[in-house]
Every structure is written in structure tokens, then in C-alpha cells.
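**Q** Pasting a structure below so you can have a look.
The values are calculated or read from the model by the stated rules, or taken from the named source; none is laboratory data. Note that the structure is predicted; figures quoted are calculated from it, not measured. Backbone-built Cβ (ideal geometry, glycine too); neighbour counts: all protein chains shown.
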Amino acid sequence: SCTEQEKTSLLQFLAGLSPKSGLLELWQNATACCMWEGITCGTDGMVVDVSLASRSLQGHISPSLGNLTRLLSLNLSNNLLSGELPQELVSSGSITAIDVSSNRLEGELHDSPLFDVIDLSYNQFNGNIPPELGSCSMLRVLKVGHNNLSGTLPDELFNATSLDIPESIGHLKRLQELHLNHNLMSGQLPSTLTNCTNLTTIDLKSNNFSGELAKVNFSKLPNLKTLDLMSNTFSGTIPESIYSCMNLTALRLSSNKFHGQLGEGLGNLKFLSFLSLGNNNLTNITNALQILGSSKNLTTLLIAHNFMYEDMPDDGIIKGFENLQVFALNSCSLSGEIPRWLSKLTNLGVLVLHDNQLTGSIPDWISSLNFLVFLKISNNSLIGEILTALMQMPMLRSKEATTHLDPRDFQLPIYLEIGMLQAIWGLNLSSNLLSGDIPQSICDLTSLQVLDLSSNNLTGTIPSALNHLHFLSEFNISNNELQGPIPVGGQISTFQSSSFDGNSRLCGPVLNRCGASVEQLPFPSSLQTDGA
């Protein structure tokens, strides 16, 4: 049986009810209060659950229920209870779920420190929603609909980062924008979301939503322009119904668990400008690019971390992309060469192809991309020398490089995907098989902020004119076969030794090899093998 204190608290609750409730007769039939109707106790005899829904209970809710110190769940829904909800009850340090919906309760709402689920709907509560509810870190469900509440929805409520989306969201017929990003929300998207036919923006990125999107019929959202579901755990294939949102301009599904091929319908989104599908398990890169080529307004295409170990599509079979400005196809382990069809993307400002298995040399047509300001082709298997033509790219030499490519023009910010273009004036050719000298023409790129030539087979000396790169904030030429002194008295000598490590014939104060001559320095084993 429950303890005497627990029994007393329950009898005080019973005393506040009308005799018409019939509960007195039910409870008198069992002497052990843990055997009473609707009462559940733990192994220690303490009451942990009171479940008396739909019992035609009348009267008031006694504050004595707040004395049940181990009570976890209270369900008094669908009764005829009146009066206020006792402060002693809502401030209980143990209750995690309370449901008193569909009664005749009134008065103002109180804040609750620990509730996991709060359902106060279908009563007569008045006043404002307490801002203090936002401090309920475990709050998953809050239902206060169908009352007489007034005032604005407190901003503090959105600090309750575990709230889920209820099915009742479909009642918001006039809702135009839904922003619930960067929380800890979980579960599946309710299918009733499509009842909100006026939605133009859905932003649920950086949560823990899961399940298949196919359960949501996006074809019923004709006004949708932005759909951002990045960084969740959605699975399955990308639903065809999304391709019916003909006004869609920005679609971001990156960092989820989508698989399969892109549907033909994606090419029908004529207004689509921004598309990010990176970090999923998509397949058939050739099919994907052939479909997307018909999206004439596409300016940003981020599809990295997909299509693993496939071949880079051959020249001649990929068309379109005339307006593309940002293209990221990195970290796919794609094989083949840098394709010539990229040379037709004359508006390209950012090209990211690093972490693949591309072979061959850097093509000379790269300098024909007049607006290219960011190129990252590191960690491939490219060979040959660093092209002088590469240094002649107009936008690397122009002081007006930012006029064509402005991050503010993007439909969605591309942080987490290519680093918000932090290296907008960068050159990264690291981790390839490039050989020869560092071209003197690199020194003419006076606006360069990032230069990474590490882990190649570069030889010769470091051009002293690199000191003219006054804006250089990142510099790495480690793990090559460079020799001679590190230029002093300028920008280059300010970098740490890690920028120069792995070049055994380099000397300079930063390497603590200041006085040694080149002849006294040991030759690398690779040079000895070549008979040098």
C-alpha cells in the first residue's frame, strides 16, 4: 500500500470532488490505496501516476496532489473539473506530464519548471502565456489551444528547444513562414503541415527530425519558395511532390540520409536558384547533372559528399548551367579528369572539387573563367606544373573581384558547406602531384588571402616577391622539395614553422636553420633515388 501521507493526499483530492463523481465508491472497495482505481505506485509504495481521464469528475483539483512527491504523470482530461489549476501542482518537482485538457478550468496560467508534456487545452484559462515556460528545458509538448488566452506569444517560449511539431499545426491556415531552425526538435513532420497552403518558407534546419519526407505532400503547398531542411536525419528518397512546388527558388536538403537518384521532375523547377543536396547518399552523378542542366536560373549548386566512387561525366553529355556561380562537387572520390564542360560555365565564381580522385593536369582553359575568385582542387592526383595561365585569371588579378559574387545575393547562406566563402580570394592546390617551381606570377595576386601549395612535389626556391602579398592570412608550402632561404623582412617570415615543414633543404630563422648553407643541408631521399 502507499504511505499514510500519500493516502491522505489522495483523500484530500477526493474530498474536493463532487459526490456525483462516483470515485468515492470505487476507492472504498480497496483498502490499499495503490489498488485504487487510476492510481499506480512504484515498488516503494509511492504514487507515480494518477490517471482519471473521462470519469465525469466534478469539483475542484485539490492542491494536495502537489504533496505526491514521486508523482510523474497526472491525467485528469475530459472531465467536468472547474476552478483554478493549483500552483502547488504545477510547481511540483517531480511531475513530467500533466493533461487537464477538456475541463472547465479557469484562471491564469502559471510557469512550470519541469513538465515534459503540458496539455491545458479546451478549458477557460485567461491571461498571457507565462514567459517562464521557456525555461522548461525538457518541454516537448505544449497545448493551450481553445482557451481565453490573450497577448503575444512570448519570445522566451522558443528557448524550450525540445518542443515537437504537433499535428494541429495544420489549423494555421494563414501561416506563411515557419522558422523552427537550430533547436532539438525531433520526430516526423506531421502530414497536416500541408494544410497550411499559404506557406512560403519552411526553415527546420539543424534539428533532429527523422523519417521519410514522402509522408508530406508538398504538392499542396503551391506558394512555397524556400524549403530548408539541412542537418536533420530525414531518410528515404527525395519525394517527387517537392518537384510540384513550381515557385520554389531555394531548396536545401543537405546533411541528411537521403538516397537514390534525383527525379526528372527536379528539372521542372524553373525558378530554382539555390540547390544544396550535399552530404547524403545520392547516386548517378551523370543523371543528376543532366536533369539539373535544364534549371536555367540555377546560380548555386552544392552536391558534395554524394555519388561516391563514380566517374566524372564525360565532355559533351552535360549541358546548361549558363548562370551557375557557385559549384561544389567535392569529397565524392570521383575519378577522371577535370571535365572540359566546366569551361562553358562562364559565370562561375566558386569551383570546389577537392577530395576526389581526379587525375591529369590542371587545364589551361581554367584562366578563361573570367569571374572565378575561389578554386579548391586539393587532395586529388593532379600532375604537371602549376600553370602560369592559372595566375592570369582576371578575377584573381582584379581589385573588383567581389562585384560579381556577393554572398548577400545567395538565396540561403552557404555556411557549413563551403565555409561562407571565407577564402574568397584563395588558391588551394594542396595534396596533389604538382611539380616544378612556384610560379613567379603568383606574386602578382596582391589580394590573395589564402595560398596552400602543401603536399606536392614542388622544387626550387620560394619567390621573395611573395612578401608583396600583404593580405595573406593563411600560407602553407609544407611537404614539398623546396630549397634555399625563406624570404625575410615581409609577410612570409611571419608564418609559423608548420607552414614550411617537410622541406628539408629550406633554411631560415623560423626553422632554426638560419646559418646553414644549402650544400650543408641533407638531400631528401626522393632526390637521392632520382640520382640527384
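**Q** So how many residues does the stretch 231-264 have that are within 13 Å of Ser295 (Cβ to Cβ) and loosely packed, with under 15 Cβ neighbours inside 10 Å?
**A** Residues flagged as within 13 Å of Ser295 (Cβ to Cβ) and loosely packed, with under 15 Cβ neighbours inside 10 Å within the stretch 231-264 amount to 2.
**Q** Further question: Wholly within the stretch 2-72, which strands (runs of 3 or more DSSP E) include no fewer than the required count, namely at least 3 residues that are of a type in the set (Val, Ile, Thr) and either touching a residue at least 12 places away in the same chain (Cβ under 8 Å) or at positive phi (or both)?
**A** In the stretch 2-72, 47-51 are the strands (runs of 3 or more DSSP E) which contain 3 or more residues that are of a type in the set (Val, Ile, Thr) and either touching a residue at least 12 places away in the same chain (Cβ under 8 Å) or at positive phi (or both).
**Q** If you don't mind, there's one more thing I want to ask. Restricting the first residue to the stretch 280-308 and requiring it to be within 22 Å of His354 (Cβ to Cβ), which pairs with a second residue that is at pLDDT below 95 and of a type in the set (D, E, K, R) meet a Cβ separation below 7 Å and a spacing of at least six or different chains?
**A** Leu302/Glu417
**Q** Please work out which residue is farthest from Asp203 (Cα to Cα), limiting yourself to the stretch 216-230 and to residues that are buried (at least 21 other Cβ atoms within 10 Å of the Cβ) and touching a residue at least 40 places away in the same chain (Cβ under 8 Å).
**A** So the residue we want is Met230.
**Q** Kindly list the number of the only condition in (1) surrounded by fewer than 21 Cβ atoms within 10 Å (Cβ to Cβ); (2) over 19 Å from Ala250 (Cα atoms); (3) among the aliphatic types (A, V, I, L, M); (4) out of contact with any Cys (no Cβ under 8 Å at 6 or more places or on another chain) that fails for Leu342.
**A** So the condition that Leu342 fails would be (1).
**Q** One residue is enough: does the stretch 362-372 have a residue meeting the conditions at pLDDT below 75, assigned to a loop (DSSP other than H, G, I, E, B) and under 28 Å from the mean Cα position of the chain (by Cα)? Give the derivation first.
**A** The initial filter retains those residues of the stretch 362-372 that are at pLDDT below 75, namely none.
Within the stretch 362-372, not a single residue is at pLDDT below 75, assigned to a loop (DSSP other than H, G, I, E, B) and under 28 Å from the mean Cα position of the chain (by Cα).
**Q** Please count how many residues of the stretch 224-250 are of a type in the set (A, V, I, L, M) and assigned to a loop (DSSP other than H, G, I, E, B).
**A** Step one: of the stretch 224-250, the residues of a type in the set (A, V, I, L, M) are 224, 227, 229-230, 238, 242, 246, 248, 250.
Now restrict to residues that are assigned to a loop (DSSP other than H, G, I, E, B): 224, 229-230, 238, 246, 248.
Adding up the residues that qualify gives 6.
**Q** Answer with yes or no whether Ser431 is among the hydroxyl-bearing types (Ser, Thr, Tyr), modelled with pLDDT of 85 or more and either crowded, with 19+ Cβ neighbours inside 10 Å or part of a loop (DSSP other than H, G, I, E, B) (or both). Talk me through it step by step, then tell me what you get.
**A** Numbers: among the hydroxyl-bearing types (Ser, Thr, Tyr): yes; modelled with pLDDT of 85 or more: yes; either crowded, with 19+ Cβ neighbours inside 10 Å or part of a loop (DSSP other than H, G, I, E, B) (or both): yes.
Yes: the conditions hold for Ser431.
**Q** Still on this structure, please answer the following. Does Ser77 satisfy being small (Gly, Ala, Ser), assigned to a loop (DSSP other than H, G, I, E, B) and buried (at least 19 other Cβ atoms within 10 Å of the Cβ)? Full working, then the answer.
**A** Details: small (Gly, Ala, Ser): yes; assigned to a loop (DSSP other than H, G, I, E, B): yes; buried (at least 19 other Cβ atoms within 10 Å of the Cβ): yes.
The answer is yes for Ser77.
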